[in-house]
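Participant: The structure is given below, and queries will be raised subsequently.
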Amino acid sequence: MLELQVINARTGNMVKAFALGDTDELIVGRDEGCDICIKASSISREHCSIEQVGQDILLRDLQSSGGTFLENEQVDEIRIEDGMEFTVGPAILRFIDSGI
């Protein structure tokens, strides 16, 4: 099972961790109603989603103003794999295999 770790890009400290697979979709954004709320002006109200589609987990940018980046390349939709790290405003979304 993949685990999502939210990392402060400036300090490198992990802020939160989430086990993926418990829900079909998580929304990352600045709005308090989002599943993962990141309070920063560079984050859109609904910035990106993490969705379970069959056996795959996909990350989709939700037409955010600041973009979602993998290795400095902007992505719209991508299949998530172990070890991937996405930059979303001042945060890094790190996906790791939790071994469970």
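The values are calculated or read from the model by the stated rules, or taken from the named source; none is laboratory data. Small disclaimer: the values here were computed from a predicted structure and weren't measured. No Cβ is skipped: glycine too gets one built from the backbone with ideal geometry, and neighbour counts run over all protein chains shown. Heads up: the accessible areas ignore ligands, DNA and RNA and are worked out on the full protein's heavy atoms, side chains in. Shrake-Rupley method; radii C 1.70, N 1.55, O 1.52, S 1.80 Å.
Participant: Name the residue that is modelled with the lowest pLDDT, counting only residues in segment 80-99 that are in a loop (DSSP other than H, G, I, E, B) and not charged (D, E, K, R).
Facilitator: G99
Participant: Considering only segment 70-84, how many residues are open to solvent by 60 Å² or more (accessible area, probe 1.4 Å) and without any contact (Cβ under 8 Å) to a residue 24 or more places away in the chain?
Facilitator: Number satisfying all stated conditions: 8.
Participant: Which one of the conditions (1) part of a strand (DSSP E or B); (2) free of Cβ contacts under 8 Å to residues at least 12 places away in the same chain; (3) of a type in the set (K, R) does R60 fail to meet, given that it meets all the rest?
Facilitator: Just one mismatch for R60, condition (2).
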